[in-house]
Amino acid sequence: MKELSFYIHIPFCVSKCIYCGFVSFINKQNCFEFYTKRLQEEILTYKQILKDYKLKSIFFGGGTPSILPSECICQILSTIKQNFNLTKTCEITLEANPESFDEQKAFAYKNAGINRLSFGLQSCNNKVLKFLGRPHTKKDFENAILWAKNAGFKNINADILIGTPNQTTQNLKNAINFLANQGVCHISAYGLMVEESTQLFKMVNSKQVVLPNEDQSVKLYETAVQELKKHGYNRYEISNFAIKGFECKHNQNYWARGEFLGFGVAAYSFFGGEHYENTKSLDDYLNLPFQKQNVEKETPLTAQNETIMLALRTENGLNLKDFNKKFNTDFEKQFEKELKELQQSGLISIQNGYLKITNFQVSNYIIEKFFV
Amino acid sequence: MAEQKNIRNFCIVAHIDHGKSTLADRLIEATGTLATRDMQNQLLDSMDLERERGITIKLAPTRMLYKKDGVEYVLNLIDTPGHVDFTYEVSRSLAACEGAILIVDAGQGVEAQTLANAYLALDNNLEILPVINKIDLPSANPQKAKQESEDVVGIPAMHAPEISAKEGINITQVLDGIIKEFPAPKGDKNAPLKCLIFDSYYDNFKGAVCMIRVFDGTLKAGDKILFMHTQKQFDVTEVGYFTPSPKPCDCLSAGEVGYVCASIKKVADTQVGDTITSATNPIPKPLAGYKKVQPVVFSGIFPADGSKFNELKDALEKLKLNDSALEYTAENSTALGFGFRCGFLGLLHMEVIQERIEREFNLEIITTAPGVSYHVYKTDGSMLEVSNPSNLPEPSTIQRLEEPFVHMHIYTPPEYMGGIMDLCQQRRGISIDVQYIDDRRVKLVYDMPLNEIIYDFFDNLKSRTKGYASLDYELSDYRPSDLVKLDILLKGEPCDALSLIVHREHAQERGRMIAEKLKEAIPRQQFEVPIQAAIGGKIIARETVKAVRKDVLAKCYGGDITRKRKLLEKQKEGKKRMRTLGNVEVPAEAFINILKIDN
């Protein structure tokens, strides 16, 4: 049986953070129930198609999935379980924000089958949290962790941001230290991106806010990697760190270029050799028939580029033998010149049949070299 | 066949934008040569590019029939290019005529090219019919324009037709003037054949087609002809004339204008100014005035995508078919790979060729800085012509360097004189003369190195004079100059395609500007890239492109995958247009940007 992943988008938030470029809506409580219903309808459209498939992971992302009443999550999960095959070790993650999480929800999620929680912490500094527009405090997060553990969750992730204004290496070390003490077993450390159309973009443009310069960012990332390693978190992808055995299967499926189906507003899918997405309009999603948008058929070329791009983001790197077999090529011959140059500059290594990036800070520069 | 006494061969000369092509259109329309619905504005300029820029490069002679007092006249209009790059072609077209219509703009009066073209016409012993155009404009002052024509050009102009070519006003007066003022051609149709080639073009079916004026004799299909300068012989397959589309006819006789086809494979065999005679009964001496056309501006042209060399070669071959003035030889640059060193009649010619390559052949190209041909006198007594800076010999073997100078006339309202004189001085101009033509116009005469003009002199002149100044120049001679080769080094390696020959006094400034431009154009790479400008071994300017230390470590999940892939693909596509020099990646734009140095 083939395997794939489900991504379920919950596009609702308590408030909009200044750096957020995702599709999410505030003050839409009245839609929660109907949205839940539509999600289940959309999922069921795949019932026949997925007869011969097993789900290896399910991911509730957002937005803020924890903003929904826990019954909604339970209903969706029970619909999935009743109509699709799940692997025994199926990873079921739910993203939660400390402010919309409580003890009752923790138990409800656990009972519904959720086995991994991912908290959007972003910073341990209340001032920074306030600046970013996050509606929670460090204390809220500590409570959330406590409830999660009480309910029996072991697999817990926290997101933190690198490169917020005035962040020092010491701030970063303190945050990682704090998370290690809280018993979090997975940390995603993302560089703060300034997306167009966000409030942060305007603030940076008008010089109201100054972000760390290139040299500072380099240092911050290096510090984070070292500090995380010190506490036993191994980097397994550019921005993802885990205690051994707690790597996120859902994301690993993306980087292996596995198939996935996305449900909900603005959700992306890669299935049957096609990339496609759902409408970004909440009204359309709620009221119009489901329709794939921006369908793009994969070509040998895009498949090859994506495989390289995704694999090189991971610590394991690209399995050259598999690649050559899949694309009927000889990677080392095809990119002889590039490999030599980059090896000489110490940016990549080839070991045991895997091509690996050794300096992730310039990964785009390197990945692009292997694009065809 | 028309009677010789009823033929009039004439051309129209004017300053650029004074309405030459528009008047030509009106004459064709007024004589009923083409129905109005077939007219496309300025149809004589057959190439799109010419029409877009409002300039004429190719000449297209048109036969028009005009009845006056019961007599049918044959009017042959020979259109001429209006740009200083093509002075020789203009002079050969004029040699095919007996008369010239001189257009004077009713608002602007006599401009530099009005005068230069009028003198060219006088040199060719043409009758001149002045015509005051654009009388429909509010700024028109026909009386003043007439007075100026008399004072400046020195031709009677008080009875000149006052017209608006655009509005079609008084066009008949022009036609009547042509018949009255211009003499009929002379020549003996029974004498041995004597024809002037004043242009040629390539036709896919007929081969090279010569546009000719018959001075003596008669030419018909089946004749054996000899081109006197190239010494090539051909059998005539077809003769005819243009209306303006080609119309075959039985023969062309003394006094007539038309075309001849003779299965000629290359336009290069049909040199403008050459004389056609009979191969069996040749005349002893060709017509005077022939010159081999020499390119004066040179630049390297390379495909932006290095793998497209053959496509570029193909494009140049095709363009050359129709443009004997274009010259090119293969060139191999360490920086840019395989390409061509091309010679042009001038900057406009260069730009037109570049645009045609990009537009008609859909090829992106990299062009190196335009330069001139230098005379290098070596210590061993030999002389070398160098148009590619990287071919300049070792300084120790050079006795002296000479560069081409032009003799230049600038016409301007007096208030801009100061600015122009500053500019000319900056460009190493030598003031020869200053003449006040009247209270609102001054003529400045300068000798100036050609190299100083080809960058952006004309743009600068226009911006300093709000567009009021006009310019005309001709190559005069070669003069010794204190010239040096300016090298650009990337990461310590000289980049041949960026080398320039400049005057020693300007080297420092230019080196600094190029280094600054390159710093902006070269993207950051994984290592630091020092950019240096050097003369000999001496560094005169330096900039540094800092190394990339970090690119964006964005997350990459579901929806990010295609977006990110496309972003990187786009980046990669951009890099395809880059050249690797040493191991520095330099985008095509860098080579183009350094050409755009403003003062």
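The values are calculated or read from the model by the stated rules, or taken from the named source; none is laboratory data. Owing to the predicted nature of the structure, the values given are computational and were not obtained by experimental measurement. All Cβ positions, glycine included, derive from the backbone under ideal geometry; neighbour counts span all protein chains shown. Quick note on the areas: whole protein, heavy atoms, side chains included, nothing else; ligands and nucleic acids left out. Shrake-Rupley method; radii C 1.70, N 1.55, O 1.52, S 1.80 Å.
Taking a sphere under 13 Å around the Cβ of B:Tyr446 and counting the other residues whose Cβ falls inside, with K and R at +1 and D and E at -1, yields a net charge of -3. Entry note: chain A has Rg to Rh equal to 0.96, where both radii use alpha-carbon atoms and Rh is the Kirkwood radius. Summing Cβ point charges (Lys, Arg +1; Asp, Glu -1) relative to the Cα centre of the protein assembly as shown gives a dipole of roughly 4480 debye. A Förster radius of 51 Å combined with the Cβ-Cβ distance from A:Asn352 to B:Gln508 puts the calculated FRET efficiency at roughly 0.35. If you run the Gaussian network model on chain A, springs between alpha carbon atoms under 10 Å, then out of A:Lys326, A:Lys81, A:Lys16 the most flexible one is A:Lys326.
With contacts taken as Cα pairs under 8 Å and at least 6 residues apart, the stretch A:69-146 reaches a relative contact order of 34 percent.
Taking the longest Cα principal axis of chain B as reference, the axis of helix B:20-30 is set at about 40 degrees. Within the listed set A:Gln304, A:Gln82, A:Gln216, the Gaussian network model of chain A (springs between alpha-carbon atoms below 10 Å) gives the highest mean-square fluctuation for A:Gln82.
Since only B:His503, B:Ser431, B:Val484 are under comparison, the one whose Cα sits farthest along the positive direction of the charge dipole of the stretch B:417-503, derived from C-beta charges on Lys, Arg, Asp and Glu, is B:Ser431. Across B:Val260, B:Val71, the residue with the most accessible area heads the list, and the full order at a 1.4 Å probe is B:Val71, B:Val260.
Applying both filters, DSSP loop and at most 11 other Cβ atoms within 10 Å, to the trypsin sites (Lys or Arg not before Pro) of the stretch A:24-77 gives A:Lys51. Total lysine pairs in the stretch B:179-242 at Cα distances under 26 Å, for residues eight or more apart or on different chains: 16. Take a quick pass over the stretch A:1-68 and tell me how many lysine pairs come in under 14 angstrom between Cα atoms, counting only ones 8 or more apart or on separate chains. Taking the Cα cut-off of 14 Å, the pair count is 4.
For the stretch A:35-147, the fraction of C-alpha pairs farther apart than 23 angstrom is 35 percent. Were the residues from B:Lys186 through B:Glu474 laid out at 0.36 nm apart, the gain over their Cα-Cα distance would be 100.5 nm. When +1 charges are put on Lys and Arg Cβ atoms and -1 charges on Asp and Glu Cβ atoms, the dipole computed for chain B relative to its Cα centre reaches about 1860 debye.
Modelled this way, with points 7 Å down the Cα-to-C-beta line, the labels at A:Lys2 and A:Glu103 are 4.6 nm from one another.
Taking other residues whose beta carbon is less than 12 angstrom from the beta carbon of B:His18, and scoring Lys, Arg as +1 and Asp, Glu as -1, yields 0. Global dimensions of the stretch B:409-499 from alpha-carbon coordinates: Rg and Dmax equal 16.4, 57 Å. Legend note: in chain A, cysteines whose Cβ sits 4.7 Å or more from every other cysteine Cβ are A:Cys13, A:Cys31, A:Cys72, A:Cys74, A:Cys90, A:Cys124, A:Cys185, A:Cys248. Between B:Pro284, B:Ile197, B:Phe309, the Cα set farthest toward the positive side of the dipole of the stretch B:163-319 (charges on each charged residue's Cβ, about the Cα centre) is that of B:Pro284. Computed from the alpha carbon atoms alone, the convex hull of the stretch B:193-262 holds 83 Å³ per residue.
Bridges between two residues of the protein assembly as shown, per DSSP, are antiparallel at a rate of about 70%. Name the residue farthest towards the positive end of the dipole of chain B from the options B:His349, B:Ile132, B:Cys556, assuming +1 on Cβ of Lys and Arg, -1 on Cβ of Asp and Glu, about the Cα centre. The Cα lying farthest towards the positive end belongs to B:Cys556.
Evaluated over the stretch A:216-327, the count of Lys pairs having alpha-carbon atoms less than 22 Å apart is 9 (only pairs 8 or more residues apart or interchain). Please state, as a whole number in µm²/s, the translational diffusion coefficient that the Stokes-Einstein equation yields for the stretch A:245-342 at 4 °C and 1.567 mPa s, with Rh defined as the Kirkwood radius across alpha carbon pairs. For the chosen part, D equals 83 µm²/s. Its alpha carbons give chain B an Rg and a Dmax of 27.0, 89 Å. What net charge is computed for the residues neighbouring B:Gly99, neighbours being all others with C-beta under 9 Å from the C-beta of B:Gly99, Lys and Arg scored +1, Asp and Glu -1? In short, -2. Computed over every Cα-Cα pair of the protein assembly as shown and binned at 10 Å starting from 0, the pair-distance distribution P(r) comes out as 2, 10, 15, 15, 13, 11, 11, 10, 8, 4, 1, 0 percent.
The charge dipole of chain A, taken about the Cα centre with unit charges on the Cβ atoms of Lys, Arg (+1) and Asp, Glu (-1), comes to about 740 debye, rounded to the nearest 20. To the nearest ten degrees, helix B:347-360 and the longest principal axis of the Cα atoms of chain B are 80 degrees apart.
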